[in-house]
Amino acid sequence: MNNNFPVDRLSGIETPFYYYNMDILNQTLDLVRKESAKYGYHVHYAVKANANERIMKTIKDYGFGADCVSGYEVQQAIDCGYPSSGIVYAGVGKADWEINLGLDNDIACFNVESIPELEIINELAGKKGKIANVALRINPNVNANTHHYITTGLEENKFGINHWDLENVLEVLSGLKNVKLEGIHFHIGSQITDLTSFHDLCIRVNELQEWFISHNVLPRIVNVGGGLGVDYQNPENAIPDFESYFKLFSEHLDLRPGQELHFELGRSLVCQCGSLMSKVLYVKKGVKVQFAILDAGMSDLIRPALYQAFHKIENLSSKGNVEKYDVVGPICESSDCFGKAVVLPETNRGDLIAVRSAGAYGEVMASQYNLRKLPKPYYSDQL
Ligand SMILES: *Cc1c(COP(=O)(O)O)cnc(C)c1O
C-alpha cells in the first residue's frame, strides 16, 4: 500500500475522480521558483497541461505567469487572477476574437507563428489604437527525441516560422505600425527527458541571436518554451531535475545585456501531483489473460488510448500475491486500455486503483464520450 494516499478517505468518494496531492504540487513549485530565481529566469505555466482552477491559482500564487494556446485559456488565466502582464498567447491558428481578447486585456505577448498572422494582429491592434507585443515563434529545427539536428522533417512542422523566412518577416515587420517585436520564441516538443535536446536548442538559439544582431535587432525576450519530461515509470520520483535544467541554459545560452530568458513549463509542474482514482468493477478471466475492468475509462484519461502512453497503475486495496492483469475501462473502444500485463496484487471487485502521473494532460482532456460524466477533482488538503 502506498503511504501517500489516504486510502480510507479516498475509498468513500464516488469513482472515477482525479486526486491531487497538493504537497507534491507545492514542493515542485517551490523548487522551480528557487532554481529559476538563481538566474533571474521567468516561468510561465503552460495552461494546456491542466486548466483546473485550484491548480492554476496555486501556480499563480508562486508568481508564475501563464502560457496560453487559446482565447479560452487566456480567459481562464484572467479569471484565475493571473496579471495580464504575465500572460502570453501562442498558437498556430488564432481566431480574430481570440486576438481581440488578448488585445483588450493588454496581455504581455502574442507568440506569432506566420506572416499572415502578424498582419492580422497589426490590423486588429490598429483598429483599437493599440500596439501589440509580439514574439516570433521560430522553428529551430531541433529534434526533441534524439540529439541530432534533422535537416528535413521538422521543417515541415506546422508550428513556427522557418529561419529562411526571417529576412522576409523583418521586412514585413518594418512596415507594421501596430506590432512591436518583443521576443523570439521556441518550443521543441514535450516529455523530453534527455537534456541534450535542450543543449542543442541553446546552440541553435545562440546562432539565431547572432543572425538577429547582424540585422540590428536585439529581441528583449528569449522564450525557450517547455517540454521538460517526468518519470512516468517511477511516480515516486516526483520532482524533475529542475536544478540541472535551468543550469544547462545558464551555461549554454548566451544572453545579451538586458535580455530576459523565459520558460513555458506544463507537464513538469503538474504531472506527478495527480492520479486518476477508480474502482474495479469486475475481474474477467479470459483464456490467456485476465482483465481488471475499471469504472474509469479513456473518457477520463485519454493518454494511453491516444498516445499509447504508459501510466503506472497501483491497487491501493490489496496486499495479495501478484498476478498479471490487462487493466481496461468500460468504454466501447478496444483502445480503452490503461495497461497490458500489469503486475498487481490479487485484484477484486471494489478495489481502489490509482492511475499515477495523471496531473498533466489528464483532467483537461477528459470528454463526455458515451455520455459519461466528467471526473471531478479532489485535493489532498480538502479531504
Ligand atoms: C505544450 C506547450 C508547452 C508546454 O509543454 P510541456 O511539455 O507540457 O512542458 C509550452 N509551450 C508551448 C508553445 C506549447 O505548445
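The values are calculated or read from the model by the stated rules, or taken from the named source; none is laboratory data. Only a predicted model underlies this, so the values are computations on that prediction, with no experimental measurement involved. Glycine also receives a Cβ, built like all others from the backbone with ideal geometry; neighbour counts cover every protein chain displayed. Heavy atoms of the whole protein, side chains included, go into the accessibility calculation; ligands, DNA and RNA do not. Shrake-Rupley method; radii C 1.70, N 1.55, O 1.52, S 1.80 Å.
At-a-glance table
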read-out	value
Residue identified as among the basic types (Lys, Arg) and more than 16 Å from the ligand (Cβ to nearest atom) among Lys38, Lys48	Lys38
Every residue from region 288-314 that is free of Cβ contacts under 8 Å to residues at least 60 places away in the same chain and either among the β-branched types (Val, Ile, Thr) or not assigned by TED's automatic domain parsing to the domain that holds Leu344 (or both)	Val289, Ile293, Ile313
Leu276 vs. criteria within 11 Å of the ligand (Cβ to nearest atom) and in contact (Cβ under 8 Å) with a residue 60 or more places away in the chain	no
Unmet requirement for Tyr307, which otherwise passes all of (1) of a type outside the set (Asp, Glu); (2) open to solvent by 70 Å² or more (accessible area, probe 1.4 Å); (3) away from the ligand (no atom under 16 Å from the Cβ)	(3)
Test: Ala66 is open to solvent by less than 20 Å² (accessible area, probe 1.4 Å), assigned by TED's automatic domain parsing to the domain that holds Leu136 and in contact with a Lys or Arg (Cβ under 7 Å, 6 or more places away or on another chain)	no
Cross-chain or 6+ apart pairs with Cβ under 6 Å, region 188-205 first and closer than 14 Å to Ser250 by Cα and of a type in the set (A, V, I, L, M, F, W, C), then within 11 Å of the ligand (Cβ to nearest atom) and open to solvent by 10 Å² or more (accessible area, probe 1.4 Å)	Leu201/Ile188
Matching entry among Ser214, Ser244 (being closer than 30 Å to Ile55 by Cα and either in contact (Cβ under 8 Å) with a residue 12 or more places away in the chain or away from the ligand (no atom under 13 Å from the Cβ) (or both))	Ser244
Any pair with Cβ under 6 angstrom, 6 or more apart, that starts in region 315-342 at a residue that is assigned by TED's automatic domain parsing to the domain that holds Asp300 and among the polar types (S, T, N, Q) and ends at one that is surrounded by 13 or more Cβ atoms within 10 Å (Cβ to Cβ) and assigned to a strand (DSSP E or B)	Asn315/Leu344; Asn315/Pro345; Asn315/Ile353; Ser317/Leu352; Ser318/Pro345
Unique match (being outside any helix (DSSP H, G or I), closer than 25 Å to Val355 by Cβ and of a type in the set (S, T, N, Q)) among Thr58, Thr28, Thr15	Thr15
Residue in region 337-348 that is open to solvent by 30 Å² or more (accessible area, probe 1.4 Å), hydrophobic (A, V, I, L, M, F, W, C) and assigned to a strand (DSSP E or B) present	yes
Contacts under 8 angstrom Cβ, first residue in region 247-264 being modelled with pLDDT of 95 or more and within 16 Å of the ligand (Cβ to nearest atom), partner open to solvent by 20 Å² or more (accessible area, probe 1.4 Å) and assigned to a helix (DSSP H, G or I), 6 or more apart	Leu248/His199
Any chance Glu53 is open to solvent by 10 Å² or more (accessible area, probe 1.4 Å), modelled with pLDDT of 95 or more, of a type in the set (Asp, Glu) and closer than 30 Å to Glu314 by Cβ	yes
Condition met for Gly93 (on the phi > 0 side of the Ramachandran plot and outside any helix (DSSP H, G or I))	no
